[in-house]
Structure formats: C-alpha cells, structure tokens
1. Only one residue in Leu55, Leu127, Leu75, Leu131 is among the hydrophobic types (A, V, I, L, M, F, W, C) and surrounded by 21 or more Cβ atoms within 10 Å (Cβ to Cβ). Which one?
2. Scan Ile47, Ile92, Ile21, Ile57 and give me the residue that is among the hydrophobic types (A, V, I, L, M, F, W, C) and modelled with pLDDT under 85.
3. Residue check, Glu86 against (1) assigned to a helix (DSSP H, G or I); (2) touching a residue at least 12 places away in the same chain (Cβ under 8 Å), all met but one. Which one?
4. Evaluate the stretch 87-97: report whether one residue or more is touching a Gly at 6+ places or on another chain (Cβ under 6 Å) and farther than 14 Å from Gln170 by Cβ.
5. Across the stretch 143-152, what is the number of residues that are in contact with a helix residue (DSSP H, G or I) (Cβ under 7 Å, 6 or more places away or on another chain), part of a helix (DSSP H, G or I) and not aromatic (Phe, Trp, Tyr)?
6. Does Glu172 meet the test of being within 24 Å of the chain's Cα centre (by Cα) and loosely packed, with under 12 Cβ neighbours inside 10 Å?
7. Does the stretch 101-124 hold any residues that are on the phi < 0 side of the Ramachandran plot, in a loop (DSSP other than H, G, I, E, B) and surrounded by fewer than 21 Cβ atoms within 10 Å (Cβ to Cβ), and which are they?
8. Can you go through Asp144, Asp150 and tell me which one is within 23 Å of Arg83 (Cα to Cα) and without any contact (Cβ under 8 Å) to a residue 60 or more places away in the chain?
Amino acid sequence: MMKRMRIATALGLAACALAFIAGADARVPSAPQEKKDYLSQEEADKIRDADTPNLRIKLFMHFADDRIKKFQYELTRQVPDARREEMLNSLINAYVGCVDDASDQIDLAKEKQQDVHSALKAMEPKLKEYLDILQKLDKDKGADFESYKDTLEDAIQGTQEALDNVTKAQKEMLPPPVRRKPQ
C-alpha cells in the first residue's frame with residue numbers, strides 16, 4: 001500500500017513536471033525592447049539608456065533631423081547610387097519612424113504624468129521646419145519624385161500628426177509642479 005502511494009506521488013510529480021515544461025514553451029515571452037530597423041545599434045542603445053520620455057523624445061528628434069538631412073543630401077548628389085530609389089525611401093521611412101516614436105513618447109509621458117514640456121518646446125519648431133521641407137519637396141517634384149512620392153506623402157502626414165499631438169499635449173498637460181523653498 002505504501003509502495004503504491006509513493007508510486008502515485010512520483011507519477012503525480014512527474015506529470016506536474018511535464019505540464020510545467022510543456023507550459024513553459026507555451027508561455028508568451030515578455031516582449032523585449034526591440035531594436036527599430038531604422039536605428040543603428042548605437043542609437044537603439046541610447047534610446048534604451050534614456051530613462052525618461054523627455055530624453056527619448058529629444059533623441060528621436062535628433063535622429064529624425066539626421067535622417068532628413070541625409071535625405072536632402074542624397075537628393076542633391078551628382079553621382080546617384082545604384083540603389084538610389086531604395087535609399088531615398090528608406091531615409092524617409094526612417095525619418096517618419098523617429099517622428100512617430102517621439103510622438104508616442106508624448107502619449108507615454110501623459111499616461112505616466114511626466115514632465116516633457118522642454119521636449120515639446122524643442123519639438124514644435126523642428127516639426128514645423130521638417131513639414132516645410134517635406135512640403136517644398138512635394139511641391140518641387142524633383143527628378144526622382146515618382147520613386148518616393150508615396151513615402152513623402154506618408155512623411156508629411158506623419159509630421160502633421162506629430163505636430164498636432166505636440167500642440168494638443170501643450171494644451172492638456174499640466175505644468176510641472178513648482179518647488180517652493182521653505183521660508
């Protein structure tokens with residue numbers, strides 16, 4: 001009788017162990033912070049190391065600035081690359097990805113009630129500048145315009161949406177608390 005109990009207990013434990021192992025494979029892994037395909041490893045590390053939405057917004061805007069400048073450079077190059085069309089679209093997509101992520105950080109800051117006023121203040125004029133650049137490119141219709149037309153339209157729309165988000169956040173977000181010195 002004791003032997004049967006031990007065997008039943010051992011079988012029960014074995015069944016639990018198997019269920020645990022099988023369940024471990026079925027669990028959804030926690031989503032690691034994935035590297036965005038338009039960021040270099042160094043840029044992704046900087047974003048990951050930034051501890052506040054305020055810093056991340058500023059970094060994303062810096063990266064967006066870099067992408068739009070590279071795009072303008074590629075348009076003016078005299079000796080076009082063999083994969084010029086791919087390069088132009090990739091740079092615009094990277095730009096709009098950075099702007100979208102910066103805008104997402106605003107929403108995150110709202111949820112967590114964190115102060116991002118300084119980032120919003122810096123972001124607004126930059127977005128207006130970028131929007132002017134993109135709209136001018138859309139109006140001028142350069143040599144390779146047809147190859148990046150759709151991506152450019154998406155970038156204009158994404159920039160306008162981010163600008164709207166900044167304006168809305170500036171109106172909705174409460175100012176940071178004022179620390180008063182004890183008297």
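The values are calculated or read from the model by the stated rules, or taken from the named source; none is laboratory data. Just so it is clear, the model here is predicted, and its values are computed rather than measured. All Cβ positions, even for glycine, are placed from backbone atoms using ideal geometry, and neighbour counts span all protein chains on display.
1. The match here is Leu127.
2. After applying the criteria, what remains is Ile21.
3. Against the list (1) assigned to a helix (DSSP H, G or I); (2) touching a residue at least 12 places away in the same chain (Cβ under 8 Å), Glu86 comes up short only on (2).
4. As a first pass, look at the stretch 87-97 and keep what is touching a Gly at 6+ places or on another chain (Cβ under 6 Å): 96.
Filter once more, keeping what is farther than 14 Å from Gln170 by Cβ: 96.
Yes, some residue in the stretch 87-97 is touching a Gly at 6+ places or on another chain (Cβ under 6 Å) and farther than 14 Å from Gln170 by Cβ.
5. Residues in the stretch 143-152 being in contact with a helix residue (DSSP H, G or I) (Cβ under 7 Å, 6 or more places away or on another chain), part of a helix (DSSP H, G or I) and not aromatic (Phe, Trp, Tyr): 3 in total.
6. Considered against the rule, which asks whether it is within 24 Å of the chain's Cα centre (by Cα) and loosely packed, with under 12 Cβ neighbours inside 10 Å, Glu172 comes out as yes.
7. Narrowing the stretch 101-124 to residues on the phi < 0 side of the Ramachandran plot: 101-112, 114-124.
If we keep only those that are in a loop (DSSP other than H, G, I, E, B) too, we end up with 114-116.
If the condition is that a residue be on the phi < 0 side of the Ramachandran plot, in a loop (DSSP other than H, G, I, E, B) and surrounded by fewer than 21 Cβ atoms within 10 Å (Cβ to Cβ), then Gln114, Asp115 are the ones that fit.
8. Numbers: Asp144 fails: without any contact (Cβ under 8 Å) to a residue 60 or more places away in the chain.
That would be Asp150, the only listed residue that is within 23 Å of Arg83 (Cα to Cα) and without any contact (Cβ under 8 Å) to a residue 60 or more places away in the chain.
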